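The values are calculated or read from the model by the stated rules, or taken from the named source; none is laboratory data. The model shown is predicted, which means the values in this text are computed figures rather than measured ones. As a convention, Cβ positions derive from the backbone with ideal geometry for all residues, glycine included, and neighbour counts pool all protein chains shown. With ligands, DNA and RNA removed, areas are computed over all heavy atoms of the protein, side chains included. Shrake-Rupley method; radii C 1.70, N 1.55, O 1.52, S 1.80 Å.
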Amino acid sequence: MINKINISAQPASINFKAVKIAKTQSFVDGIKTEIDIYRLSHKDCPFLNTLAQTVEPARLMPKDAQKHGFERWKEIFFYAVENAMRPEYRSYLAVTKNKPCGLINFKTMNKDTHVECICTWPVKTNEKVKFAGKSLFNQVLEYHKKAGSDKITIEAIVNGHSHPLERYIDLGFVPVRNLDHTVAMEMSKKTAEKLQKRFAGYFTSTPSETGKEINLNKSLNLDF
């Protein structure tokens, strides 16, 4: 269960660590969408605090704001931001048109790749980004493959507004046990390989190996 979220102020720093690790490109109905994926570190706390103060879910998602579970979604957003400040998680940020549109946190746990939290949001009012979540998850698949972990695990929230349990089942996760407010799920290596091939039908993903560190506060547009 997600407890109260506390985003604490962080001291300003001139050391920034965000590094672009990949770019995805998709074409849907003739519209090209490009998403850059950045790996974050604790040095990006000033940016993450700004992000938490800037994204206003109810304003960006007015069609969803009255739906059951929307408050839970807001908790998940702040939980993803908070986790990105913690060194025990590997966190990736999705960016399109120079605007952040998603976060994912994961770590190696008991020889598995465990996804702790994934969250996406619109870059404008009601303007969701195609494949933002899948682009982030694709990088988890890449990490899982290179790390040689046994399986991918996740806990699906059962009282959210976007039906995450059904979405994860569609990706290939299998429910293994019910918890208080979530369902523990697993994905095998074989299924992860199939999913990555399936993603290749949605978008292309090109690794970026420049290693250049980026000041996200200066580089990204947070005018939502």
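The relative contact order of the range 93-224 comes to 23 percent, based on Cα pairs under 8 Å that sit 6 or more residues apart. At a probe radius of 1.4 angstrom, the accessible area of the chain per residue rounds to 53 square angstrom. Extension gain, Ser219 to Thr206: 0.36 nm times the residue separation minus the Cα-Cα distance gives 2.6 nm.
Say the cut-off is 19 Å between C-alpha atoms; which of Lys20/Lys194; Lys23/Lys63; Lys32/Lys212; Lys17/Lys97; Lys23/Lys197 go over it? In this structure, Lys20/Lys194; Lys23/Lys63; Lys32/Lys212; Lys17/Lys97 exceed 19 Å between Cα atoms.
In a reduced charge model with +1 at each Lys and Arg Cβ and -1 at each Asp and Glu Cβ, the range 14-156 shows a dipole moment near 360 debye about its Cα centre. The share of accessible area on the chain that comes from carbon and sulfur is 49 percent, using a 1.4 angstrom probe. Ranking Gly211, Gly172, Pro100 by how far each Cα lies toward the positive end of the dipole of the chain (charges on Cβ) leaves Gly211 at the top.
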